[in-house]
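Asker: Structure incoming, see below.
The values are calculated or read from the model by the stated rules, or taken from the named source; none is laboratory data. Values in this document were obtained by computation on a predicted structure and should not be read as measured data. Ideal geometry is used to build each Cβ from the backbone, glycine not excepted, and the neighbour counts take in all protein chains shown.
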Amino acid sequence: MSNLKREPWAPLRRLSCLVFALVVGLAVIVSPLSQAFAKSKSSRPPAVAASIVVDMKTGHILYSQDPDKPRSPASLTKVMTLYILFGYLKAGKMTLDTDLAVTPHAASQAPTKLGLKSGSTIRASDAIKGMVTKSANDAATVIAENIAGTEQDFARLMTQTAKTLGMKNTVFRNASGLPNTEQTTTARDMAILASHVIRDYPEYYAHFETRYFTYKGQRHRNHNRLLYDYQGTDGIKTGYTRASGFNLTASVKRGDKHLVAVVLGGRTGAERDTTTRILLDKYWSEASTGRARPLVATAQPPLPEPKKPVFAMAAAAPKLASVASAEEGDRGDPTDSSSARPSLLGTAGPMNPSVAGAYHVQVGAFTSLPEAENRLGKVQQRASKLLEGHLPFTATFIKGDTEWYRARFAGFTQDGARSTCDALKEMSLDCVVMTAE
């Protein structure tokens, strides 16, 4: 037997060597996998409905996915509204200090909104900032009516302007982007529009970089999150409705490089923003430097003389709130679509005969929009013949610190509203006759 004594720490030394070798071996195996996984995460954007990346220096399309697929623009519509307004400002037909009149129709627009009051005025500069930051639908309608007299006529001017700019697959029906099944665009067309806003009106485009805007004591934050955490972002606009999903047109400049990305139909705001960042990161190395060339030939559309807003035509319009109009950033990420009912998505322009009457039938008041919408859907389903031709809508009001939603049907005479309400009560459906605000 050997007289040598075994060192008491020898087993621990062997164990530590074994652990070290194991760790090194795992690192050799895992490191490439981790790098590959990280690379995969950073280079594969989440699935969206359509997207495009354009080099603003050359007009070349660096990436596209379904760029001509028809989509709802949602509040990207406001970019065209502002493009037309910028034309009037540049031509001297209006100024940033011009007071714009607020009609009942403009004041009745659905959230998000500045809460403009009928009969009041708002400066053009404030209307612009309200649209850029809060995506204010009432401000968009005010601009439309103060240029064309009615929102319908302004929508025609918008569509005409789109065609002039080369936006071949875009049709506008309103100035704000509130839901309308006939209002469509494409990722390519939105990139063309962004290019023209940037190139044609650089002195006014800077408004799209506004991060915060205070109006009558209320501070509004821009919904475009890339302005806060993505280097070089200088605009331009977000959009959301249930029909469109989450949309974004983004402009990013770094040094001599300039890219515009359009992402349409994200399932969440975060998914849309992540997709945009990934696409911009991926194609930044391919962006050109040097002198810029326009995406398409710049063609300034004709600018009719501004018309006074038509108050008489809109006087009987109720205070409307669309059932699917909450702009992303104002009401969060409303992923619950159970309350979205196609039958409740009717438009309510000033010429719509379904809102011509001065009386409403109210079927409930609720503290949440989905509850009000569900009530309208249930009543309309049970009394479809009785309510045929009468527009369902929600009207908001503030009581204390709580926002309420009145569920109503519009377009009644006083006698018609009373007889309809009596018939609803016989069906065990509570209701009350109300005058239009």
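Asker: Tell me, which residue of segment 395-437 that is among the hydrophobic types (A, V, I, L, M, F, W, C) and under 31 Å from the mean Cα position of the chain (by Cα) is surrounded by the fewest Cβ atoms within 10 Å (Cβ to Cβ)? Talk me through it step by step, then tell me what you get.
Answerer: The initial filter retains those residues of segment 395-437 that are among the hydrophobic types (A, V, I, L, M, F, W, C), namely 395, 397-398, 404, 407, 409-410, 412, 417, 421, 423-424, 427, 429, 431-434, 436.
Narrowing further to those that are under 31 Å from the mean Cα position of the chain (by Cα): 395, 397-398, 404, 407, 409-410, 436.
On the way: Ala395: 23, Phe397: 12, Ile398: 9, Trp404: 16, Ala407: 27, Phe409: 29, Ala410: 28, Ala436: 21.
Among residues in segment 395-437 that are among the hydrophobic types (A, V, I, L, M, F, W, C) and under 31 Å from the mean Cα position of the chain (by Cα), the one surrounded by the fewest Cβ atoms within 10 Å (Cβ to Cβ) is Ile398.
Residue-by-condition table, conditions (1) at pLDDT 95 or above; (2) among the small types (Gly, Ala, Ser); (3) closer than 16 Å to Gly87 by Cβ:
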{"site": "Ser176", "(1), (2), (3)": "yes, yes, no"}
{"site": "Thr181", "(1), (2), (3)": "no, no, no"}
{"site": "Thr186", "(1), (2), (3)": "yes, no, no"}
{"site": "Asp189", "(1), (2), (3)": "yes, no, no"}
{"site": "Val197", "(1), (2), (3)": "yes, no, yes"}
{"site": "Gly217", "(1), (2), (3)": "no, yes, no"}
{"site": "Leu226", "(1), (2), (3)": "yes, no, no"}
{"site": "Gly232", "(1), (2), (3)": "yes, yes, no"}
{"site": "Ile236", "(1), (2), (3)": "no, no, no"}
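Asker: Same structure again: Among the listed residues Ala395, Ala410, identify the single one that is under 15 Å from Glu373 (Cα atoms) and in contact with a Ser or Thr (Cβ under 7 Å, 6 or more places away or on another chain). Break it down stepwise before answering.
Answerer: Details: Ala395 fails: in contact with a Ser or Thr (Cβ under 7 Å, 6 or more places away or on another chain).
Exactly one of Ala395, Ala410 is under 15 Å from Glu373 (Cα atoms) and in contact with a Ser or Thr (Cβ under 7 Å, 6 or more places away or on another chain), namely Ala410.
Asker: Still on this model: Of (1) in a loop (DSSP other than H, G, I, E, B); (2) over 18 Å from the mean Cα position of the chain (by Cα); (3) closer than 22 Å to Phe311 by Cα, Asn169 satisfies all except one. Which?
Answerer: If we test Asn169 against (1) in a loop (DSSP other than H, G, I, E, B); (2) over 18 Å from the mean Cα position of the chain (by Cα); (3) closer than 22 Å to Phe311 by Cα, just (3) comes out false.
Asker: In segment 199-218, which residues are in a strand (DSSP E or B) and more than 24 Å from Tyr88 (Cβ to Cβ)? Before you say what the answer is, go through the steps one by one.
Answerer: Quick first cut of segment 199-218, residues in a strand (DSSP E or B) only: 212-215, 218.
Those that are in a strand (DSSP E or B) and more than 24 Å from Tyr88 (Cβ to Cβ): Tyr212, Thr214, Gln218.
Asker: So, of the residues in segment 177-223 that are polar (S, T, N, Q) and more than 30 Å from His60 (Cβ to Cβ), which turns out to be surrounded by the most Cβ atoms within 10 Å (Cβ to Cβ)?
Answerer: Here is the first cut: in segment 177-223, the residues polar (S, T, N, Q) are 180-181, 183-186, 195, 210, 214, 218, 222.
Then drop every residue that is not more than 30 Å from His60 (Cβ to Cβ), which leaves 180-181, 214, 218.
Details: Asn180: 23, Thr181: 11, Thr214: 11, Gln218: 11.
Residue satisfying both the conditions and the ranking: Asn180.
Asker: Return the residue satisfying two criteria in turn: it lies in segment 178-195 and is assigned to a helix (DSSP H, G or I) and of a type in the set (A, V, I, L, M), and of such residues it is farthest from Gly239 (Cα to Cα).
Answerer: The initial filter retains those residues of segment 178-195 that are assigned to a helix (DSSP H, G or I), namely 187-195.
If we keep only those that are of a type in the set (A, V, I, L, M) too, we end up with 187, 190-194.
Working: Ala187: 13, Met190: 12, Ala191: 14, Ile192: 17, Leu193: 15, Ala194: 14 Å.
Per the criteria, the residue is Ile192.
Asker: Taking the condition of being touching a helix residue (DSSP H, G or I) at 6+ places or on another chain (Cβ under 7 Å) and in a strand (DSSP E or B), how many residues in segment 219-256 meet it?
Answerer: 18
Asker: Regarding Ala162, is this residue surrounded by 18 or more Cβ atoms within 10 Å (Cβ to Cβ) and out of contact with any helix residue (DSSP H, G or I) (no Cβ under 7 Å at 6 or more places or on another chain)?
Answerer: Working: surrounded by 18 or more Cβ atoms within 10 Å (Cβ to Cβ): yes; out of contact with any helix residue (DSSP H, G or I) (no Cβ under 7 Å at 6 or more places or on another chain): no.
So Ala162 does not fit the description; no.
Asker: Looking at Ala106, Ala124, Ala101, Ala91, which is the one that is out of contact with any helix residue (DSSP H, G or I) (no Cβ under 9 Å at 6 or more places or on another chain), closer than 15 Å to Ile147 by Cα, in contact (Cβ under 8 Å) with a residue 24 or more places away in the chain and in the same structural domain as Glu182 (by TED's automatic domain parsing)? Give the steps one after another, and end with the answer.
Answerer: Values: Ala106 fails: out of contact with any helix residue (DSSP H, G or I) (no Cβ under 9 Å at 6 or more places or on another chain); Ala124 fails: out of contact with any helix residue (DSSP H, G or I) (no Cβ under 9 Å at 6 or more places or on another chain); Ala101 fails: out of contact with any helix residue (DSSP H, G or I) (no Cβ under 9 Å at 6 or more places or on another chain).
Of the residues listed, the single one that is out of contact with any helix residue (DSSP H, G or I) (no Cβ under 9 Å at 6 or more places or on another chain), closer than 15 Å to Ile147 by Cα, in contact (Cβ under 8 Å) with a residue 24 or more places away in the chain and in the same structural domain as Glu182 (by TED's automatic domain parsing) is Ala91.
Asker: Let me ask you something else. Across segment 238-295, which residue is surrounded by the fewest Cβ atoms within 10 Å (Cβ to Cβ) among those that are hydroxyl-bearing (Ser, Thr, Tyr) and farther than 17 Å from Leu62 by Cβ? Working first, answer last.
Answerer: Taking segment 238-295 and keeping what is hydroxyl-bearing (Ser, Thr, Tyr), we get 238, 240-241, 244, 249, 251, 268, 274-276, 283, 285, 288-289.
Still in the running and farther than 17 Å from Leu62 by Cβ: 238, 240-241, 244, 268, 274.
On the way: Thr238: 26, Tyr240: 32, Thr241: 26, Ser244: 26, Thr268: 15, Thr274: 17.
Per the criteria, the residue is Thr268.
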